[in-house]
Amino acid sequence: MPPANAQRRRALDLLKARGILRLRDFKAEGIGPETLARLVREETVVRRARGVYQLPDASLEAAHTLAEASSVVPKGVVCLISALQFHELTLQMPSAVWMAIERTAWRPRIDYPRIRFVRFAEVSLNEGVTRHRIEGVEVPITDPARTIVDCFKYRNKIGLGIAMEGLREGLRHRRCTPDELWRHAQGARIWSVMRPYVEAMVFDDA
């Protein structure tokens, strides 16, 4: 393992380059927990959550919070309003990250960042999900069509108005097609609810 001073320099260089790192990322670079603990005590590095580190002046933009959430729940999928906001399909700024986990999975207890969990069936957890690299963290996020369908499915949790906003913006900006919406909605058994809204908006744009 490199000397302490070399570990310190390497840790800071990595955080400047990647934004967020987990303890295992540091270990892979030959940086020991004692070095991290010393940096935290000096307030040179901030421990945002268990095993998650960043610089104190790191960006706090919305995408940054998604990266933090995926760091602490690596098997979760960003969904619903958080995914809408990421895809720029809503003006809503959720007060917590909406994240899907497998239906029978243990629900993590997270102090930071704030996360609201929903449960997806295992067969659908990765359907319509794309992975985005944000500040060095791989963040799974439902794609626009899947996100809109999920918003209609969970409309009692988030509100029908938000689902309709996502649908309107998704079609207006061609982030999804009616066929993609139909395919996901059929799988979620929600097409009968969505169909009138989709047809009305497609007709209005015709």
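If contacts are Cα pairs under 8 angstrom and at least 6 residues apart, what is the relative contact order of the stretch 123-197 in percent?
Worked out over the stretch 123-197, it gives 27 percent.
First select every other residue whose beta carbon is under 11 angstrom from the beta carbon of P108; then total the charges, Lys and Arg +1, Asp and Glu -1.
Within the 11 Å Cβ shell, the charges total +3.
As an exercise, find the ratio Rg/Rh for the chain from alpha-carbon atoms, using the Kirkwood inverse-distance average for Rh.
Across the chain, the Cα-based Rg/Rh ratio is 1.07.
Find the relative contact order for the stretch 21-119 and round it to a whole percent, using C-alpha pairs within less than 8 Å whose residues are 6+ positions apart.
21
Viscosity 1.002 mPa s, temperature 20 °C: what is the translational diffusion coefficient of the stretch 166-206 from Stokes-Einstein with a Kirkwood Rh over Cα pairs, rounded to a whole number of µm²/s?
210
Using the crude model of +1 on Lys and Arg Cβ and -1 on Asp and Glu Cβ, and no other charge, please compute the dipole size for the stretch 4-54 relative to its Cα centre, in debye to 20.
140
Using a Debye calculation, one point per C-alpha and no hydration shell, please list log10 I(q)/I(0) for the stretch 4-54 at q = 0.23, 0.26, 0.32 Å⁻¹ in order.
Debye curve over Cα of the stretch 4-54, log10 I(q)/I(0) at q = 0.23, 0.26, 0.32 Å⁻¹: -0.76, -1.01, -1.65.
Nearest-5 percent of antiparallel DSSP beta bridges in the stretch 27-142?
60
Quick one: Debye curve from the alpha-carbon atoms of the stretch 97-206 only, equal weights, vacuum; give me log10 I(q)/I(0) at q = 0.11 Å⁻¹ to two decimals.
At q = 0.11 Å⁻¹ the computed log10 ratios are -0.38.
Could you please report the charge total around A121, scoring K, R as +1 and D, E as -1 over all other residues with beta-carbon less than 11 angstrom from its beta-carbon?
Spelling it out: positives minus negatives among the neighbours equals -1.
If you restrict to DSSP beta bridges whose two residues both lie in the stretch 86-180, what percentage is antiparallel, to the nearest 5?
Taking every DSSP beta bridge within the stretch 86-180, about 50 percent pair in antiparallel fashion.
Just need the relative contact order of the stretch 62-205 here, percent rounded to a whole number, with Cα pairs under 8 Å and 6+ apart.
It rounds to 23 percent for the stretch 62-205.
By DSSP, what percent of the beta bridges with both residues in the chain are antiparallel, rounded to the nearest 5?
Among the beta bridges of the chain, antiparallel pairing accounts for roughly 65 percent.
As a test of the formula, what do you get for the chain when each DSSP H run with n ≥ 4 contributes -39,500 (n - 2.57) and the sum is divided by the residue count, at 222 nm and rounded to the nearest 500 deg cm²/dmol?
So the helix-based figure for the chain works out to -14500 deg cm²/dmol.
Using θ = phi - 60° and the Karplus relation 6.51 cos²θ - 1.76 cosθ + 1.60, list the HN-Hα couplings for the stretch 178-184 in order, rounded to whole Hz, with x at every Gly or Pro.
x, 5, 5, 4, 4, 4, 5
Restricting to DSSP loop positions (anything but H, G, I, E, B) with no more than 10 other Cβ atoms inside 10 Å of their own Cβ, which trypsin sites (Lys or Arg not before Pro) remain in the stretch 114-189?
R174, R189
Every read-out reported here was derived from the displayed coordinates using simple, explicitly stated rules and does not represent laboratory data. Quantities reported herein were computed from a predicted structural model and do not represent experimental measurements. Cβ sites come from the backbone with ideal geometry, for glycine too, and all protein chains shown count toward neighbours.
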